[in-house]
1. In the stretch 101-121, what count of residues is obtained for those that are open to solvent by 30 Å² or more (accessible area, probe 1.4 Å) and touching a residue at least 40 places away in the same chain (Cβ under 8 Å)?
2. Looking only at the stretch 17-56, count how many residues are assigned to a loop (DSSP other than H, G, I, E, B), open to solvent by 80 Å² or more (accessible area, probe 1.4 Å) and of a type in the set (S, T, N, Q).
3. Run down K299, K326 and say which single residue is in contact (Cβ under 8 Å) with a residue 40 or more places away in the chain and under 24 Å from A190 (Cα atoms).
4. I'd like to check something: does the stretch 253-263 contain any residue that is open to solvent by 30 Å² or more (accessible area, probe 1.4 Å), closer than 23 Å to S325 by Cβ and in contact with a Pro (Cβ under 9 Å, 6 or more places away or on another chain)?
5. Just to be sure before I move on: is G312 loosely packed, with under 13 Cβ neighbours inside 10 Å, modelled with pLDDT under 95 and in contact with a Pro (Cβ under 9 Å, 6 or more places away or on another chain) in the structure I sent?
6. Can you tell me which residue is farthest from V333 (Cα to Cα) among those in the stretch 282-291 that are open to solvent by 70 Å² or more (accessible area, probe 1.4 Å) and not β-branched (V, I, T)?
7. So, in the stretch 109-145, of the ones that are in a strand (DSSP E or B) and not aromatic (F, W, Y), which residue ends up farthest from the chain's Cα centre (by Cα)?
8. Is there a residue in the stretch 57-69 that is in contact with a Pro (Cβ under 6 Å, 6 or more places away or on another chain) and in a loop (DSSP other than H, G, I, E, B)?
Amino acid sequence: MASKLEKSRVVKEAGGVGMILIDETDQEVAIPFVIPSAIVRAKTGEKILSYINSTSMPISRISRAKTVVGVQPAPRATAFSSKGPNSLTPEILKPDVLAPGLNILAAWSPAAAGNMKFNILSGTSMSCPHVTGIAALIKAAHPSWSPSAIKSAIMTTATIVDKQNKPIRADPDRRMADAFDYGSGFVNPARVLDPGLVYDSQPEDFVAFLCSIGYDEKSLHLVTRDNSTCAGAFKTPSNLNYPSITVPNLEDSFSATRVVTNVGKARSIYEAEVLSPDGVNVTVVPNRLAFTRTGQKIKFTVNFKVIAPLKGYAFGLLTWSNRMSKVTSPLVVKVATASLGLVR
């Protein structure tokens, strides 16, 4: 963005009153140019240059800016949004969620840009305040909830469909998005205060997780600042009680455990609904959770079994549902190369 903005400054200093910039990247990102400007793709730019070269007095008109509302499809994943898989710890799905971050109009500190009071920016620095506000809303309503419970509420209530109830799309080619584009989905503040169930974790769970990804006790103590040990390390990082399940190297079969905490109605029953990833059979044991009190925890196991050859990652969903709530987690699986020739 900075280089595009600088181009407009150069044009202004040269006496220009407007600019047409040919650029293929981030077409829909608003840039606070210092002079009226338009960004076009190469093909359109070639037509404009052809017109300029065809006449001795080329003319262009600068029109008043206008606000366009109701742009569809919305929401959608921007081309510059960070994508999965997680390169450091593939057993943990990233991103977690999708949030508003394109062309956000907001107050701007005069200390950053003279007397400018408002600005339009795009990126993680814009989406993070939206999620932070949602987290603050949850914390205000449920002050005893842990950071993990708050995160779970945001993730399990997110949506993977747009305002037209169609699958979320991803730029630049408007392909159908997947969990590597939006994580658990687009944040839905209307549902986060009553998620029904949460996937909670305590500090000791993260100690066990760090040990499972190779931390020895010396490196562990640099993080924990105490005498924690790796005696309770998970067998696999996939067993962190996270609101999503990722199996990046599935060899025939694999099982992951999760624990959900009832934060909804005291007496409630949830049924498991599974959309299995292509080429994989997924079962949940037990597939019915019966709670008798708020705060009650129940453990379940998710079993993955390769049933057909599969190249690359495949995506599915696990939803715990009743008449009041739907608690949804993405399932992400990649079959190990060695397993492809062993499938019957």
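1. Result for the stretch 101-121: 3.
2. Matching residues across the stretch 17-56 total 1.
3. K326
4. Yes: one or more hits.
5. no
6. The qualifying residue farthest from V333 (Cα to Cα) is R288.
7. Filtering the stretch 109-145 for residues that are in a strand (DSSP E or B) and not aromatic (F, W, Y), the one farthest from the chain's Cα centre (by Cα) comes out as N119.
8. yes
The values are calculated or read from the model by the stated rules, or taken from the named source; none is laboratory data. Model, not experiment: these values are computed from the prediction. Heads up, the Cβs are rebuilt from the backbone with ideal geometry, glycines too, and the neighbour counts pull from every protein chain shown. Accessible surface areas use protein heavy atoms only, side chains included; no ligands, DNA or RNA. Shrake-Rupley method; radii C 1.70, N 1.55, O 1.52, S 1.80 Å.
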